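J.: Quick one: the structure is below, and I'll ask about it shortly.
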Amino acid sequence: MYAHKYGDHVDTDVIIPARYLASQDEKELASHCMEDIDKNFHVKTKPGDIIVAGLNFGCGSSREHAPIAIKASGISCVIAKSFARIFYRNAINIGLAILECPEAAEGINDNDEVKINFDTGVINDITTGKIYQAEPFPEFIKKMISDGGLIASLKKSGA
């Protein structure tokens, strides 16, 4: 997986511009993900790639469209120095893996090849050889993410 790096305070209006919010089609949302700061995002990302960002990723409105657009783009994880709280919760609710790790967010460069072990929280920047440690999620959140989000996890459990 390869990194696509952005700066601080990437807000939900940048992740998925408001002009596309009438759509509930995940593929349509993915085709416009990040387009206001990276016109080629939907073309250059491959399934399994990651986003790396700075402080307060996902700030702004509380729209679930933002993590949905990212996940539908094929992004497997967002690593940031910090996340806006509502984005953090929305991401987990829809099954998008996110990790707070300031050192990794600072050290990983655009297009670096990165491998993540979600069980241990180890982030390996294969390009530079650097290894970072994020706090892994508790088992119930890892299960929720692997199940595809909160609703999918509840359905699987029979709740």
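J.: Taking the condition closer than 29 Å to Thr127 by Cα and in contact (Cβ under 8 Å) with a residue 60 or more places away in the chain, does Met1 pass?
T.: So Met1 passes the test.
J.: Scan region 122-139 residue by residue and report those that are within 16 Å of the chain's Cα centre (by Cα), at pLDDT 95 or above and part of a loop (DSSP other than H, G, I, E, B). Walk me through it before giving the result.
T.: Step one: filter region 122-139 for residues within 16 Å of the chain's Cα centre (by Cα), giving 123, 134-137.
Those still in the list that are at pLDDT 95 or above too: 123, 134.
Correct list: Ala134 only.
J.: Could you go through region 101-115 and let me know if any residue there is among the charged types (D, E, K, R), under 17 Å from Val14 (Cα atoms) and more than 13 Å from the chain's Cα centre (by Cα). Steps first, please.
T.: Going residue by residue through region 101-115, those that are among the charged types (D, E, K, R) are 103, 106, 110, 112-113, 115.
Next cut, under 17 Å from Val14 (Cα atoms) only: none.
No, that holds for no residue.
J.: Which ones in region 120-145 are free of Cβ contacts under 8 Å to residues at least 12 places away in the same chain and on the phi > 0 side of the Ramachandran plot?
T.: Answer for region 120-145, where residues must be free of Cβ contacts under 8 Å to residues at least 12 places away in the same chain and on the phi > 0 side of the Ramachandran plot: just Gly129.
The values are calculated or read from the model by the stated rules, or taken from the named source; none is laboratory data. These numbers come from a predicted model, not from an experiment. Note: ideal-geometry Cβ built from the backbone for every residue, glycine included; neighbour counts use all protein chains shown.
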